[in-house]
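Notes to accompany the following structure.
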Amino acid sequence: MIQVDRRHFIASLGGAAAVKLMSFEAKAEALEAYMMAQLAQPKKFPKAAEIEAQIETRNYRRGVGNLFLTTQPNGKVKKLEPMPAKPMFLDFFKLRMQQTSNHVLQSANRAMKTGMTEEIILACLLHDTVHALIKVDHGYWGAQLYGPYVPEKVAFALNACNPGSKVSGIWTRAQSPSRRIQDSFMACLMFHNHGSTMPSFSSSTK
């Protein structure tokens, strides 16, 4: 977005007195011409080294996930540890997803102890890791990120991780919910440890 220096703009038109004599149409045309002139000016873009030097001087990075800010009062973000040349998921988990790793491990562990399927256990392990990159609608984006690499049931459960997910609503309306809805509902319970009592399903559904 173009930043307009109001004082400079008015001065370029001859001062406040000159601006008062102009019609609204003339003012609009003058502003358009001023902004076009700004766009035509060559811009100096920072070098990679200059951007890197700024990292530890701010409390944020340019992004919207956990990796891009610090919640510590007066804290500064740190430089990210370098990734291996050919990183595996475990490398991302250890070096980029630290803020949610304990939570998702607890969730997956509870799913294992409760006798959940491998798909639900995997969904529990992955469900909040996308917070490292983005927080808004993280369930949806998690499903997009992992969808090509995991079973459809896992991606469906991840998508249900969004706040206000429709899965629980579907469950309450369905007298005989599909197996996918059942599993996603169970995964939602595991994700954030909502209670200790697991619902039972009276019918065998696909």
Failed item, numbered, when ALA132 is tested on (1) farther than 18 Å from GLN106 by Cα; (2) of a type in the set (A, V, I, L, M, F, W, C); (3) modelled with pLDDT of 80 or more: (1)
Residues that are at pLDDT 90 or above, within 20 Å of LEU39 (Cβ to Cβ) and not in a helix (DSSP H, G or I), drawn from the stretch 1-29: LEU13
Those residues of the stretch 46-96 which are within 21 Å of THR129 (Cβ to Cβ) and part of a helix (DSSP H, G or I), in sequence order: ASN66, LEU67, PHE68, PHE89, LEU90, ASP91, PHE92, PHE93, LYS94, LEU95
Neighbours by Cβ (under 6 Å, 6+ apart or cross-chain): first from the stretch 141-157, touching a residue at least 40 places away in the same chain (Cβ under 8 Å) and more than 14 Å from GLU118 (Cβ to Cβ); second charged (D, E, K, R) and surrounded by fewer than 19 Cβ atoms within 10 Å (Cβ to Cβ): none
Failed condition for TYR146, given (1) surrounded by fewer than 22 Cβ atoms within 10 Å (Cβ to Cβ); (2) among the hydroxyl-bearing types (Ser, Thr, Tyr); (3) at pLDDT below 85: (3)
Which listed residue is farther than 25 Å from GLN3 by Cα and of a type in the set (D, E, K, R), from LYS43, LYS86, LYS47: LYS86
Cross-chain or 6+ apart pairs with Cβ under 9 Å, the stretch 104-129 first and touching a residue at least 24 places away in the same chain (Cβ under 8 Å), then in a loop (DSSP other than H, G, I, E, B) and acidic (Asp, Glu): VAL104/ASP128; SER107/ASP128
Selection from the stretch 78-88 of residues that are modelled with pLDDT under 90 and either more than 26 Å from ALA53 (Cβ to Cβ) or touching a Ser or Thr at 6+ places or on another chain (Cβ under 9 Å) (or both): LYS78
Residue in the stretch 49-68 that is of a type in the set (Gly, Ala, Ser), outside the structural domain of LYS135 (by TED's automatic domain parsing), touching a helix residue (DSSP H, G or I) at 6+ places or on another chain (Cβ under 7 Å) and in contact (Cβ under 8 Å) with a residue 40 or more places away in the chain present: yes
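The values are calculated or read from the model by the stated rules, or taken from the named source; none is laboratory data. Since we're looking at a predicted model, the values are computed, not measured. Here Cβ is always computed from backbone atoms with ideal geometry, including for glycine, and neighbour counts include all displayed protein chains.
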